[in-house]
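*Asks:* The structure that follows is given in the form of structure tokens.
The values are calculated or read from the model by the stated rules, or taken from the named source; none is laboratory data. Keep in mind that this is a model prediction, so the values were computed, not measured. Here the Cβ positions follow ideal geometry from the backbone for every residue, glycine too, while neighbour counts run over all protein chains shown. Note: areas computed on protein heavy atoms with side chains; ligands, DNA, RNA excluded. Shrake-Rupley method; radii C 1.70, N 1.55, O 1.52, S 1.80 Å.
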Amino acid sequence: MTTVESSPAAVDPALTEMMDAVFGAHRETRPDTAAVERDETLWRQLEDLGLVRLTGPESDGGSGAGWLEAVELLGAAVRHGVRIPLAEHDLLACWLLDANGMACDDAVRTVAVLDDDGMSAGVPWARGADRIVVVWRVDGEYRAADVAAAAVRISAGTNSIGEPRDSVTVDVSLLDGVPVPAALIDQLMRRAALVRAIQVCAALDRIVELSIEHASTRVQFGRALSKFQTIQNLISDSAAESALARSATEAALTAAVADGWASDRLDFMIAVARSCAGHAASVVVRNGHQIHGAIGTTREHRLHEFTRSALAWRSDYGSVDRWDSVVTDATLRVGGRGLWSLITG
């Protein structure tokens with residue numbers, strides 16, 4: 001993803017080039033591995049460049065950028081196959097602290113929303129964080145605390161691409177915490193869901209690029225693969241699905257930023273984006289591997305870095321079935337007469 005159509009300005013090309021250069025140089029010296037850990041050297045480099053807290057307020061040590069720049073940063077990391085908790089740190093954990101008037105220093109953070117038993121499963125990058133912003137509900141209100149990771153119980157886990165997805169257990173009776181408006185928690189959930197849609201879209205775009213590149217250079221039976229109609233159909237279907245997912249995601253992001261994440265239609269739009277991205281992943285991943293053939297299944301070829309990532313990320317913060325149900329329920333509520341207005345706003 002590179003643009004949000006109604007945004008007032010485009011991202012500075014020099015900034016985009018710098019992001020690509022940093023992640024590209026990193027991947028040249030760091031091969032893909034089965035297990036993923038936060039790279040301290042890369043994190044310090046990103047911190048020195050002002051990219052770790054890209055959207056944080058300048059008065060609090062951030063760079064004061066917006067979601068447009070954040071999308072470029074996430075996209076650059078995905079394009080180069082670099083997995084690092086930039087979104088969890090900047091767009092979720094640190095944002096929540098800033099938005100709730102809580103202090104935020106340079107420690108690496110993620111966020112965990114606890115259930116009634118004080119546990120949160122599948123927390124991204126918990127064991128690689130210095131601190132965890134924990135959120136829980138008590139007496140009908142939300143509370144939050146910025147807790148040292150060493151002070152909570154973390155059970156290690158991973159998703160299908162080796163990224164940390166840990167279980168966090170906290171004795172909230174030992175925490176005071178501070179009240180958090182329910183509207184901020186709603187926004188946190190919307191942000192988290194949309195972040196994964198952005199990352200899935202970036203992975204799908206890269207799969208399409210690799211498919212086009214392979215079909216254009218690979219010769220079979222005396223002709224480039226791109227000359228075969230079957231391959232052309234696979235690529236066009238992948239490109240269409242990827243474009244649909246990206247358009248839905250950009251539409252949701254545009255509405256979110258324009259209305260301060262408070263639009264009445266935002267939950268529906270994010271659900272549409274997640275549904276489109278989830279279903280697109282099935283098509284683009286399948287077609288990408290069909291186009292590449294056997295070479296695309298090898299660890300040496302980079303295709304798997306993006307196909308497996310797309311499939312893993314589409315299930316974070318809600319499965320495809322769950323987002324399909326949200327879209328269906330919203331459609332049934334408004335009925336046939338209100339459907340067009342729901343779609344177009």
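*Asks:* When you check Val195 against the structure, is it under 17 Å from the mean Cα position of the chain (by Cα) and not hydroxyl-bearing (Ser, Thr, Tyr), yes or no?
*Replies:* In short, yes.
*Asks:* Given the options Ser242, Ser226, Ser238, name the one that is closer than 21 Å to Ala294 by Cβ, in contact (Cβ under 8 Å) with a residue 24 or more places away in the chain and among the hydroxyl-bearing types (Ser, Thr, Tyr).
*Replies:* Only one candidate passes the filter, namely Ser238.
*Asks:* When region 22-70 is examined, which residues are found to be part of a helix (DSSP H, G or I), farther than 28 Å from Asn159 by Cβ and either small (Gly, Ala, Ser) or touching a residue at least 40 places away in the same chain (Cβ under 8 Å) (or both)?
*Replies:* Ser59, Asp60
*Asks:* I'm told Trp261 meets every condition in (1) surrounded by 21 or more Cβ atoms within 10 Å (Cβ to Cβ); (2) more than 17 Å from Gly81 (Cβ to Cβ); (3) among the aromatic types (Phe, Trp, Tyr) except one. Can you identify the failing condition by its number?
*Replies:* Looking at each condition in turn, Trp261 falls short on (1).
So that you can scan it fast, the table gives a plain yes or no per residue for (1) in contact with a strand residue (DSSP E or B) (Cβ under 6 Å, 6 or more places away or on another chain); (2) open to solvent by 50 Å² or more (accessible area, probe 1.4 Å); (3) of a type in the set (Asp, Glu):
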position: Arg286; (1), (2), (3): no, yes, no
position: Arg314; (1), (2), (3): no, yes, no
position: Tyr317; (1), (2), (3): no, yes, no
position: Asp329; (1), (2), (3): no, yes, yes
position: Gly335; (1), (2), (3): no, no, no
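*Asks:* Checking the condition within 16 Å of Met18 (Cβ to Cβ), among the aliphatic types (A, V, I, L, M) and open to solvent by 20 Å² or more (accessible area, probe 1.4 Å), which residue from Leu73, Leu54, Leu49 passes?
*Replies:* Leu49 is the lone residue from the list that is within 16 Å of Met18 (Cβ to Cβ), among the aliphatic types (A, V, I, L, M) and open to solvent by 20 Å² or more (accessible area, probe 1.4 Å).
*Asks:* One residue is enough: does region 106-116 have a residue meeting the conditions in contact (Cβ under 8 Å) with a residue 40 or more places away in the chain, within 24 Å of Ser315 (Cα to Cα), assigned to a loop (DSSP other than H, G, I, E, B) and acidic (Asp, Glu)?
*Replies:* No, because not a single residue in region 106-116 is in contact (Cβ under 8 Å) with a residue 40 or more places away in the chain, within 24 Å of Ser315 (Cα to Cα), assigned to a loop (DSSP other than H, G, I, E, B) and acidic (Asp, Glu).
*Asks:* If you don't mind, there's one more thing I want to ask. List the number of the failed condition for Asp324; all other conditions in (1) charged (D, E, K, R); (2) within 17 Å of Val78 (Cα to Cα); (3) open to solvent by less than 70 Å² (accessible area, probe 1.4 Å) hold.
*Replies:* Asp324 satisfies every listed condition except (2).
*Asks:* Taking region 71-105 on its own, how many of its residues are part of a loop (DSSP other than H, G, I, E, B) and aliphatic (A, V, I, L, M)?
*Replies:* Selection size over region 71-105: 4.
*Asks:* Would you call Asp324 more than 20 Å from Thr217 (Cα to Cα), touching a Lys or Arg at 6+ places or on another chain (Cβ under 7 Å) and of a type in the set (Asp, Glu)?
*Replies:* no
Quick grid of which residues meet (1) assigned to a strand (DSSP E or B); (2) crowded, with 20+ Cβ neighbours inside 10 Å:
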| site | (1), (2) |
| --- | --- |
| Trp136 | yes, yes |
| Ser160 | no, no |
| Asp166 | yes, yes |
| Asp176 | no, no |
| Pro179 | yes, no |
| Ile198 | no, yes |
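*Asks:* Now, a different point. In region 110-133, how many residues are in contact with a Leu (Cβ under 8 Å, 6 or more places away or on another chain) and not aliphatic (A, V, I, L, M)?
*Replies:* The qualifying residues number 2.
*Asks:* Suppose we keep only residues that are surrounded by fewer than 18 Cβ atoms within 10 Å (Cβ to Cβ) and of a type outside the set (S, T, N, Q) within region 266-282. Which one would you say is nearest to Val326 (Cα to Cα)?
*Replies:* Asp267
*Asks:* Among the numbered criteria (1) assigned to a helix (DSSP H, G or I); (2) at pLDDT below 95; (3) open to solvent by less than 30 Å² (accessible area, probe 1.4 Å), which single criterion is violated by Met1?
*Replies:* (1)
*Asks:* Give just the number: which of (1) surrounded by fewer than 18 Cβ atoms within 10 Å (Cβ to Cβ); (2) under 18 Å from Arg165 (Cβ atoms) does Arg83 not satisfy?
*Replies:* Among (1) surrounded by fewer than 18 Cβ atoms within 10 Å (Cβ to Cβ); (2) under 18 Å from Arg165 (Cβ atoms), the lone unmet condition for Arg83 is (1).
*Asks:* So, restricting to helices (runs of 4 or more DSSP H) that lie completely within region 230-345, which ones have at least 1 residues that are on the phi > 0 side of the Ramachandran plot?
*Replies:* So the answer is 320-344.
*Asks:* Here's something else I'd like to know. Out of Gly222, Gly260, Gly162, Gly157, which single residue is out of contact with any helix residue (DSSP H, G or I) (no Cβ under 6 Å at 6 or more places or on another chain), at pLDDT 95 or above and not polar (S, T, N, Q)?
*Replies:* Only one candidate passes the filter, namely Gly157.
*Asks:* Restricting to region 124-147, name every residue that is modelled with pLDDT of 95 or more and among the β-branched types (Val, Ile, Thr).
*Replies:* Listed by number, the residues that qualify are Ile132, Val133, Val134, Val135, Val147.
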